[in-house]
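Scroll down for the structure; my scribbles are underneath it.
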Amino acid sequence: MDDVAEVVERKPPAPERTGTSAAVQAEALVKHYPSKTGVIEAVRGVDLRIEAGEIFGFLGPNGAGKSTTVRMLTTLLSITSGVARVGGVDVAREPDAVRRLIGVALQEAGLDPRQTGRELLVLQAQLFGLSAHAATARAQDLLALVELEEAADRRIKGYSGGMKRRLDLASALVHEPDVLFLDEPTTGLDPASRLTVWEELRRINERGTTIFLTTQYLEEADQLCDRLAIIDNGLLVREGTPARLKAELRERLSLASEPTLDDVYLDATGRTRSRVAGEVQEVSA
Amino acid sequence: MSLAWVLGKRALREGWRTPEALLPTLFIPLFFLVVNVGQAAKIFPSSSTAFLHGQGYGAFQLPSSLLLAASFGTAALFLVEDIEGGYFDKLRATPVPRTVLVLGRLIAESVKAVFIATVIVLVGLIFGISVASGPLGFVLLVGLTALWAVVYVGFMQLIALKTRSAAATNSGGLVFFPLLFLTPNFVPRHLLTRPMEIAATFNPVTYLMEALRSLILQDLVWSRILPGFAVVAVLGALMLALNVRMIRHYD
């Protein structure tokens, strides 16, 4: 607990929090990129509200605007228009205050391959204000949490994909963030590693951390998420609990059996599929 | 500042663990020193060449090698690796001041440059070059070289942050060669042709080279030394400001 106390001790005065208790809130969030052919509208007015303690899934096809939204919410990308708040703190106005509240693990585990796992975690903890001593202790705790104690003093370049993901996850937790943003945390992992990450995410969530995760794996969303939203072409096209979204589709299309989340996703994104003898034949836009 | 040092230590570890990136910064400047001396030493015998102040031509050429060693800017290439690998975003997502993200690498670069400059000067001493300005001159010689390394890596970091491309950053490093050769590299400024003399006068690297050369060949001649420090002070402040501005607007 000493290290946690130290984080609190070193925190600057509390930022101005507005609104209600939503962990993450976005209103009419827009991101435009200039391009040679004009303006690319990556996100076109997204409204989100994620309550504290939720695991929220953000789904969508490649290029739909998932990562762009996450990057705006995590202060890594400027916001063209609209408002985003994390823990009630305005992302654009008080980015440093937001950074203290969030943990971030983006697509392609962003790690320094020349450091050891332990060095990386100690450095990350120090950047969040822990003393060298407290950072070392925190790193040890996190290495145990993600089961990387044996590999702790090996250079990261020798880690497997699953180990890198788990280390990335640990590095996002050094300061015990209120909200954890994970951009496709299990992409590229084998099924066993994926299950391990899911288990870790559940444990982290049980401790009270809100989790915002993007994924392309519908099973992952179904297994983990309390609520989810589907984004397509920069716009939210569905939002709700997995059960509610399935029930809505069943009711609307008068389906005889319970649809899967795949069906919800395909319906929401305007894609279709034909099944032949139970196998997926084709998915087309 | 302590956070900048934390990041600086990480950058030093990175350099130490990549000797293949560090060794050319030692080897190539020494190679140029040997080759340049080999080609021109007979033209400028120390006994009859006033601008050598009694030393060999190697002493006159040593500043070129020091400046070359300080202008590799490998830290900027490591920065591109951080950007491409996603680690730079990890650092940007921490609440440290943006200035610290820039300063970390610059501090590490200055430490590396002190080490490299010291080794090169010591090799020069072994081969008969002396630092005429004494121990203080030695410190100023190494210090000025290290400060130039910080300025130049600041310039290369700008390219890295703007382009996010290793190829573009690497190419940016080549800018130093025209700057180096538009200086009184082989002879003092007054012996250059008129167009070259004009070009050298407008080239800030000239004042660095003359300051370093003065420290090696003469006693402490402040009128020669201070312009060199003024160049790194002005360009250093400019590079730091531009780097911080770039990183604040980095999307």
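We did not get these values from a lab; they are worked out from the coordinates using the rules stated. These figures come from a predicted structure and were not determined experimentally. Don't worry about glycine lacking a Cβ; one is built from the backbone with ideal geometry, like all the others, and counts go over all protein chains shown.
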Which number comes out as Rg/Rh for chain A once both Rg and the Kirkwood Rh are worked out on C-alpha atoms? 0.99
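For B:ILE159, A:ILE40, what ranking results if the residue with the fewest other Cβ atoms within 10 Å of its Cβ goes first?
A:ILE40, B:ILE159
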Inter-probe distance in nm under a simple model that places probes 7 Å from Cα toward Cβ, at B:ALA230 and A:ARG250: 8.3
log10 of Debye I(q)/I(0), alpha-carbon scatterers only, for the protein assembly as shown at 0.10 Å⁻¹: -0.86
By the scheme Lys and Arg +1, Asp and Glu -1, what is the net charge of all other residues having a beta-carbon under 14 Å from that of B:ALA167? 0
For A:125-132, what's the mean count of beta carbons from other chains sitting within 10 Å of each residue's beta carbon? 4
Karplus-derived 3J(HN,Hα), 6.51/-1.76/1.60, for each residue of the stretch B:88-104, Hz, glycine and proline x: 4, 5, 4, 5, 5, 7, 8, x, 6, x, 4, 4, 5, 4, 6, 5, x
What percent do you get for the relative contact order of chain A when only Cα pairs under 8 Å and 6+ apart count? 22
With 10 angstrom as the radius, rank B:PHE51, B:PHE72 by how many other C-beta atoms surround their C-beta, starting from the fewest. B:PHE51, B:PHE72
The stretch A:40-112 shape via C-alpha gyration tensor axes, a/c threshold 1.5: rounded
Could you state the angle between the C-alpha long axis of helix A:132-145 and the longest principal axis of the C-alpha atoms of chain A, as a value from 0 to 90 degrees rounded to the nearest 10? 40
Residue order, fewest to most surrounding Cβ atoms within 10 angstrom, among A:VAL43, B:VAL175: B:VAL175, A:VAL43
Would you mind telling me which residue in A:GLU239, A:GLU248, A:GLU176 has the biggest mean-square fluctuation in a Gaussian network model of chain A, where springs connect alpha carbons within a distance under 10 angstrom? A:GLU248
At R0 = 25 Å, FRET efficiency that the Cβ-Cβ distance of B:LYS42 and B:SER223 yields, to 0.05: 0.20
Spatially proximal lysines relative to B:LYS90 (Cα-Cα < 20 Å; intrachain offsets below 8 disregarded): A:LYS11, A:LYS66, A:LYS157, A:LYS164, B:LYS9, B:LYS162
Tell me the angle of helix B:222-248 to the major Cα principal axis of chain B, expressed in degrees between 0 and 90 and rounded to the nearest ten. 20
How far apart, in nanometres, would the label points at A:SER257 and B:HIS190 be if each is projected 7 angstrom from Cα along the Cα-to-Cβ direction? 9.7
Taking the dipole of the stretch B:1-86 about the Cα centre (Lys, Arg +1; Asp, Glu -1; charges at Cβ), the one of B:HIS53, B:PHE31, B:LEU79 that reaches farthest to the positive side is B:HIS53
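Work out the mean other chain Cβ neighbour count within 10 Å for the residues of B:90-103 and drop it here as an integer.
What the average comes to for B:90-103 is 6.
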Overall dimensions of chain B as given by Cα atoms, namely Rg and Dmax in Å: 18.6, 62
Place the peptides B:141-149, A:149-157, A:45-53 in order of packing, highest mean first, counting for every residue the other Cβ atoms within 10 Å and averaging per peptide. B:141-149, A:45-53, A:149-157
Peptide A:93-102 - average C-beta neighbours from other chains (10 Å radius): 2
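Which FRET efficiency value, to the nearest 0.05, do you get for A:GLU199 and A:GLU176 by plugging their Cβ-Cβ distance into 1/(1 + (r/R0)^6) with R0 = 22 Å?
Taking R0 as 22 Å, the efficiency between A:GLU199 and A:GLU176 is 0.70.
Classify the stretch B:150-207 as rounded, prolate or oblate from the Cα gyration tensor: take a ≥ b ≥ c as the square roots of its eigenvalues, call it rounded if a/c is under 1.5, otherwise prolate when a/b beats b/c and oblate if not.
prolate
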Separation of the stretch A:181-207 and the stretch A:249-263 by C-alpha centroid, Å? 28
With charges only on Cβ, +1 for K and R and -1 for D and E, what is the dipole size of the stretch A:2-240 about its Cα centre, in debye, rounded to 20? 680
The helix B:19-40 Cα axis meets the longest alpha-carbon principal axis of chain B at an angle in degrees, between 0 and 90 and rounded to 10, of 20
Assuming R0 = 25 Å, what is the FRET efficiency of A:ARG207 and A:ALA144, from their Cβ-Cβ distance, to the nearest 0.05? 0.95
